[in-house]
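Novice: Please read through the structure below; I'll follow up with questions.
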Amino acid sequence: MYSRQYFNDPLSYQSALFMIFIGKGKFKKADAEILALQFYAPIYTLLTVCDRQPEREQEALKMIEGHLQQFSAGCSEDMK
């Protein structure tokens, strides 16, 4: 149940979204399942840190923001 909720389902959902983005030319061609893993792993890790160390929330939010910007720039490279 834990694996389904925190690993399988989020990655399946995000893979499906990335396949749509790739198909519409919003993201450069790539393996959608690997993109989902690259996208989700840092977010899950930082959420886990916040669960165990709530005082690090601001640090984690800043890192997530940077991650999202960098991920988006890498996926949409050359897509103007």
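The values are calculated or read from the model by the stated rules, or taken from the named source; none is laboratory data. Model, not experiment: these values are computed from the prediction. As a convention, Cβ positions derive from the backbone with ideal geometry for all residues, glycine included, and neighbour counts pool all protein chains shown.
A quick yes/no check of all residues on (1) modelled with pLDDT of 95 or more; (2) on the phi > 0 side of the Ramachandran plot; (3) not in a helix (DSSP H, G or I):
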residue: 5; (1), (2), (3): no, no, no
residue: 13; (1), (2), (3): yes, no, no
residue: 30; (1), (2), (3): no, no, yes
residue: 57; (1), (2), (3): yes, no, no
residue: 63; (1), (2), (3): yes, no, no
residue: 67; (1), (2), (3): yes, no, no
residue: 70; (1), (2), (3): no, no, no
residue: 80; (1), (2), (3): no, no, yes
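Novice: Looking only at segment 22-46, which residues are touching a residue at least 40 places away in the same chain (Cβ under 8 Å) and under 25 Å from residue 62 (Cβ atoms)?
Specialist: 27, 35
Novice: Related question: Considering segment 1-15 alone, what residues qualify as being surrounded by 12 or more Cβ atoms within 10 Å (Cβ to Cβ) and either of a type in the set (Gly, Ala, Ser) or touching a strand residue (DSSP E or B) at 6+ places or on another chain (Cβ under 8 Å) (or both)?
Specialist: If we filter segment 1-15 for residues that are surrounded by 12 or more Cβ atoms within 10 Å (Cβ to Cβ), which is where we start, we get 6-7, 10-15.
Of everything in segment 1-15, those that are surrounded by 12 or more Cβ atoms within 10 Å (Cβ to Cβ) and either of a type in the set (Gly, Ala, Ser) or touching a strand residue (DSSP E or B) at 6+ places or on another chain (Cβ under 8 Å) (or both) turn out to be 12, 15.
Novice: Would you mind stating whether residue 74 is surrounded by fewer than 16 Cβ atoms within 10 Å (Cβ to Cβ), on the phi > 0 side of the Ramachandran plot and not acidic (Asp, Glu)? Can you show your working first?
Specialist: Values: surrounded by fewer than 16 Cβ atoms within 10 Å (Cβ to Cβ): yes; on the phi > 0 side of the Ramachandran plot: no; not acidic (Asp, Glu): yes.
So residue 74 fails the test.
Novice: Looking at the structure I just gave you, is residue 40 at pLDDT below 90, surrounded by 12 or more Cβ atoms within 10 Å (Cβ to Cβ) and not polar (S, T, N, Q)?
Specialist: Working: at pLDDT below 90: no; surrounded by 12 or more Cβ atoms within 10 Å (Cβ to Cβ): yes; not polar (S, T, N, Q): yes.
So residue 40 does not fit the description; no.
Novice: Is it true that residue 26 is assigned to a helix (DSSP H, G or I) and over 13 Å from the mean Cα position of the chain (by Cα)?
Specialist: In short, no.
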